[in-house]
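Step one of this worksheet: look at the structure below.
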Amino acid sequence: MHPLRKKRLTIVLFLVAGIAIAVGLTTYALRQNINLFYDPTQIAAGEAPVDVRIRAGGMVEAGSVVREPNSLKVIFRVTDFNESVPVEYEGILPDLFAEGQGVVAMGRLNDSGRFVADQVLAKHDENYMPPEVADSLKKDVAGQSSSAETTGSATY
Amino acid sequence: MYPELGQLALILALLLAVLLSVVPLVGSITGRDNLQAFARPLASGMFVFIAMAFAILTHSFLIDDFSVAYVANNSNSMLPWYFKFSAVWGGHEGSLLLWILMLSGWTLAVAIFSRRLPSEMISQVLSVLGMVAVGFLLFIIITSNPFDRLLPNVPTDGTDLNPLLQDFGLIVHPPMLYMGYVGFSVAFAFAIAALINGRLDAAWARWSRPWTTVAWAFLSVGIALGSWWAYYELGWGGWWFWDPVENASLMPWLSGTALMHTLAVTEKRGVFKSWTVLLAIVTFALSLLGTFLVRSGVLTSVHAFASDPERGVFLLALLGITMFASLALYAFRAPVVHVRASYAGLSREVFLLLNNVLLVSATLLVAVGTLYPLVLDYLELGKLSIGEPFFNSTFTPLAVATALLLGAGIFSRWKKTDGGWLGRKLLWPIAVSLVASCFVVLSYGGFKPWAFIGVFSAMWIAVATAWDLWDKSSSRKGRLQGLKRQSRSYYGMVLGHLGLALTIAGATVVSNYGIERDVRMVPGDTATVGDYQFVFREIGQRQGANFTAQYGRFDVILDGERIAQLHPEKRQYPVGMSVMTEADIDAGLFRDIFVAVAERLDDRAWAIRLQYKPLIRWLWLGALVMAMGGFLAISDRRYRLRVRDEQPETKTAQPIKTDDPAGAVS
């Protein structure tokens, strides 16, 4: 084969191999690490998978935060004003965590329907609400009042 | 009065930018020198007016002119003066103004430092930069005017700067990052100019190299500062979250690193030309994409100020037009370029090609992880997030492969490297690094596969770099003379690679051997983290400039001796009604001790985060060393000397040096 062609072929083969490896790794890792979002209504209806890492979010129900006396364990309920889900978390809650505020929790749903979180995220400031939470709350309001407003994100 | 002048200055700058993007370009194509002569004055004028607008906005902040909406939203009369100054870029409009200031600054720098470039080249480069400036000036004037007034109802005081941003990190992080982002526009402009006049030669690569290297160095520092700031200011001791905003700055850095290396090949050997041009375009596009992601409000984070959809659409359009125009130009012009030089299957060229494959794969990977959820969300196919595990499990192998390749690549020669020779050459460095890594890993208390691989990668880069320096410095006149003989760009490469080794070592050790404990403590309690004991002495109150704080007093005890006293704080900012966790850190070259006070659990008990972070400083130190390498490389005398005889040289293709083992690649 002509040396130039040969060289080009090597380069192309290298590129193809590199891309193949990258694509393979990416799809593999993606399949493992995608965290889908569910709102409390979906979880209560049993749509969310058990023991798979998912994200859940809504408002922290007023008066639902209970701390264990001798550890950092805390239990609270997250609501979308339609259904609510108990969340269990052990660790440090973000500064802006408070009853009546929006949160997103990352974790797994256990057999008894409790959401065991390994990470809890709260809003960054008073105007911010996690977009998923805003949308899911809006969806409920829209569902109840049959308003046509489903797009846009003016609430946060 | 002043703010209106600021607005006027922006409009005048826009007019000059429009002229700059048309007149010199037309002059260069039609060959009319009198039109090309406008390039430099127009570039200077644009800079002067933008600097004027920036100075006026700064003035409004410093005198608390709350009739300006942007000042009222991002400042407060109680803010210390240095935060009033940095608040200029604490919000969307001002940070955009900073972006444009940097762009016009880079344009001016090109105008000043490229006196010896052929006039049509410089006209085209400045015109392209002018076009970019037109886009961003239109953006700021139409959608994000920082000089909008709140008249006649002037607020009595401002709503304060976000407390997270009231910090030294914010003063320096955005300007550094923007210097990097915007700096890649120069490499882009050179690439476009080269495509326009079809002259992609070694001279072109040599002109764009220093600019690319400087931009890359600034970006490295900017990213490191952001990571450092997140570590101590966001409160919880993480240093990289694979947050889309962080990824947005990592993507141009990765492709910029690739560009820097492929420019070296193009300059030295005259190959990979089309690829280099494409990479220059892509790197700038990624900078624009970063700006879009961070500023458009598609992401919610500390950085996303704009939730105005109009702005997002404008930025996306800007990105689209830039991409479409430059790729169309590329499609028409790139095939004109022919390669004459040849190289063997095992050569420095091939090593650098593999380096590019890996770096571009890493860029794509980060892009997929960042954009995939956004695209799905936009298409309403579901909401999902891609978290750290994805990036950790895919990015790490690529980083390791790059590091291993780097060590071998250092010893390789241009054109052709003998495989057997290279293998023998690598034997001892590999052995040394293996033994040294075992030592390091065991001294940190235990063998973990990934920790070992990471430490080995870092060690391998360091040992190979040092080995090569030792080889090259052998001289009949003695070692010192040999060291002196090496060029600055070679030392730049050495520093760049050692910096990478430091960063990899820091990242590996802190992720594998760092200890983090969240505990419930009442004053008087003691908690143990690794070898360290933390005694919680008391909780107190204090009054800051614009906040009140509760602080904890902690004694850190090692081997029965008190080595530090730390005072982490919980701050309340009354103006914005916000709470901030201010960690306290005992920093050291080999380890950080970190204490943060979280929430109050009951009357006496607090949630406390205690951390031991070995080698975490190396992460950022490494980035600084890399940047120093970049600055050293561009101070190399060949950039200064050869500039003088540039004119005749450019007419003919650059003669290519055949074998150049001392050739620096950084």
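Observations on the structure shown:
- Neighbouring Cβ atoms from other chains, within 10 Å of the Cβ of residues in B:390-397, number 4 on average.
- For residues of A:50-60, the mean tally of beta carbons on other chains within 10 Å: 1
- Straight-distance crosslink candidates among aspartates and glutamates, where the alpha carbon sits under 17 Å from B:Lys273 and sequence neighbours closer than 8 are dropped: B:Asp201, B:Glu349
- Radius 15 Å from Cβ of B:Thr276, net charge of other residues (Lys, Arg +1; Asp, Glu -1): +4
- Near B:Arg485: Cβ cut-off under 10 Å, other residues only, Lys/Arg at +1 and Asp/Glu at -1. The net charge is +3.
- When only alpha carbons are used to place a centre, the range B:518-553 and the range B:209-228 end up 37 Å from one another.
- Averaged over peptide B:381-389, the number of partner chain Cβ atoms lying within 10 Å of each residue's Cβ comes to 6.
- When peptides B:12-23, B:209-220 are sorted by average Cβ neighbour count within 10 Å, with the highest value leading, the order is B:209-220, B:12-23.
- Centre-to-centre separation between the Cα atoms of the range B:415-475 and those of the range B:246-260: 26 Å.
- Taking the Cα centre of the protein assembly as shown as origin and assigning +1 to Lys and Arg Cβ atoms and -1 to Asp and Glu Cβ atoms, the resulting dipole is close to 5180 debye.
- Kyte-Doolittle at least 1.0, axis length at least 30 Å by Cα - qualifying DSSP helices, chain B: B:2-30, B:39-62, B:92-113, B:119-143, B:168-197, B:273-295, B:309-333, B:348-378, B:388-411, B:419-443
- Peptide packing: for B:550-559, A:84-93, the average count of neighbouring Cβ atoms within 10 Å per residue gives the ranking A:84-93, B:550-559, highest mean first.
- Rg and Dmax of the protein assembly as shown, Cα atoms only, in Å: 28.1, 89
- A simple count of charges around B:Val519, restricted to other residues whose Cβ falls under 11 Å of its Cβ and scoring Lys, Arg +1 and Asp, Glu -1, yields 0.
- The charge dipole of the range B:2-335, taken about its Cα centre with unit charges on the Cβ atoms of Lys, Arg (+1), Asp and Glu (-1) only, comes to about 1520 debye.
- Protein accessible area in the protein assembly as shown, 1.4 Å probe - carbon and sulfur %: 63
- Estimated dipole of the range A:25-96 in Debye, rounded to 20 [Cβ of Lys and Arg +1, of Asp and Glu -1, Cα centre]: 240
- Taking the range A:34-122 and dividing mean pair separation by its residue count, relative contact order in percent (alpha carbons under 8 Å, at least six apart): 30
- Listed peptides B:494-502, A:105-113, B:588-596, B:609-617 appear in the order B:494-502, B:609-617, B:588-596, A:105-113 once ranked by packing, highest mean of other Cβ atoms within 10 Å at the front.
- Sequence-distant contacts, meaning Cα pairs under 8 Å at least 6 residues apart, place the relative contact order of chain B at 13 percent.
- Distance violations [Cα-Cα > 26 Å] among B:Lys268/B:Lys484; B:Lys268/B:Lys477; A:Lys7/B:Lys268; B:Lys383/B:Lys448; A:Lys6/B:Lys415; B:Lys416/B:Lys472: B:Lys268/B:Lys477; B:Lys383/B:Lys448
- Antiparallel %, DSSP beta bridges [both residues in the protein assembly as shown], to 5: 95
The values are calculated or read from the model by the stated rules, or taken from the named source; none is laboratory data. In this text the structure is predicted, and so the values were computed from the model without any measurement. All Cβ positions, even for glycine, are placed from backbone atoms using ideal geometry, and neighbour counts span all protein chains on display. Please note that ligands, DNA and RNA were not included when accessible areas were found on the heavy atoms of the full protein model with its side chains. Shrake-Rupley method; radii C 1.70, N 1.55, O 1.52, S 1.80 Å.
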